[in-house]
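Everything on this sheet refers to the single structure shown next.
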Amino acid sequence: MTLAEEAGVHGILCVGTTAEDSAKCIEIASSFSSVRAAVGIHPNNCHEATEGDWKLIEAMARDPRVVAIGETGLDRYWQDCPWETQLHYLSLHIQLARELDLPIVIHTRDCVDEAIDWLEAQYRSQPFSAVMHSFTGSVAAARRCLDIGFYISFAGMVTFKNGEDIRQVAADVPLDRLLVETDSPYLTPHPFRGQKPNHPALVQHTLECISSLRGLSPQELSAIEADNAKRLFRKW
Ligand SMILES: [Zn+2]
């Protein structure tokens, strides 16, 4: 039994950040029955991606172990990748997800409202399904995402002593659209904050924190999470 299974984690999405990394995610998904893969090129990596890398992503996206496209998104924190390149790659991911009817894993950092403006426009031109991963926006920003059917996923930050703002969001999101994640190797939840790498078994602390916010037992929230994940990642 893996550490994750011992902690009650029965499904793990291994999320790619480059073509090479996405191939590794598929490899891991082949080795563990609880793991599925997402393939994509992260906004902080897309300035280094070649046309060949994108072709590989398009091919890998058709693998039966791949249940989502990403991660993709927009990032203003790191300055390495030009904004136009990030937008171009985000469009490519959305197109591919629509074509294969797969959900998208969306990353945003220091630009959540701007990203939502752009995603809303894309959604209105042709819908797609998505999860806002490791969400850090406001209650109002989360509601805009919910209005277009997106899911909101929370990582370890929700457990941090200074995480009051994000706990307010986690208390507001409808239970049938809420997900938890590790965002490992980063964002290890309290009481292990700072320990690296974060890993899937530790997601139980994030789940426990949100279950107490919502007046549910961890078991109740865990069952809801499993249903939500199955609904979003329908190819699982
Ligand atoms: Zn991310």
Charge dipole (segment 3-232, unit charges on Cβ, about Cα centre) - positive-most of A142, H199, A170: A170
Coil-residue trypsin sites (Lys or Arg not before Pro) of segment 138-200, DSSP, other Cβ within 10 Å capped at 12: K161
Length-normalised contact order of segment 44-161 in % [C-alpha pairs under 8 Å, at least 6 apart]: 22
Unmatched cysteines, the chain - criterion: no other Cβ of a Cys under 4.7 angstrom: C46, C81, C111, C145, C209
Contact order relative to length of the chain, as percent, for alpha carbon pairs under 8 angstrom and 6 or more apart: 15
Dipole in debye (nearest 20) - segment 96-145, about Cα centre, beta carbon charges: Lys, Arg +1; Asp, Glu -1: 140
Segment 160-203 versus segment 120-143: alpha-carbon centroid distance in Å: 19
Within the chain: Cβ-based charge dipole about Cα centre, in debye rounded to nearest 20 (Lys, Arg +1; Asp, Glu -1): 480
Span per principal axis, largest first, for the Cα atoms of segment 3-232 (Å): 47, 40, 31
Under-5 Å amide H pairs with C111, H placed in peptide plane, nonlocal only: R76
About the Cα centre, charge dipole magnitude for segment 12-61 (Lys/Arg +1, Asp/Glu -1 at Cβ), debye: 240
Listed pairs K55/K196; K24/K161; K161/K230; K24/K230; K196/K235 exceeding 28 Å between Cα atoms: K55/K196; K24/K161; K161/K230; K196/K235
Estimated 222 nm signal from helices in the chain, with DSSP H stretches of n ≥ 4 weighted -39500 (n - 2.57), rounded to 500: -13500 deg cm²/dmol
Signed unit charges on C-beta, dipole axis of segment 1-87, positive-most listed residue G40, G52, M1: M1
Segment 16-93, Rg to Rh (Cα coordinates; Rh as Kirkwood inverse mean 1/r): 1.00
Separation in nanometres of the label points that stand 7 Å from Cα toward Cβ, at Y77 and E51: 3.4
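Where a number appears in this text, it was derived from the coordinates with a stated rule and is not lab data. As the structure is a prediction and not an experimental result, all values here were calculated from the model. Heads up, the Cβs are rebuilt from the backbone with ideal geometry, glycines too, and the neighbour counts pull from every protein chain shown.
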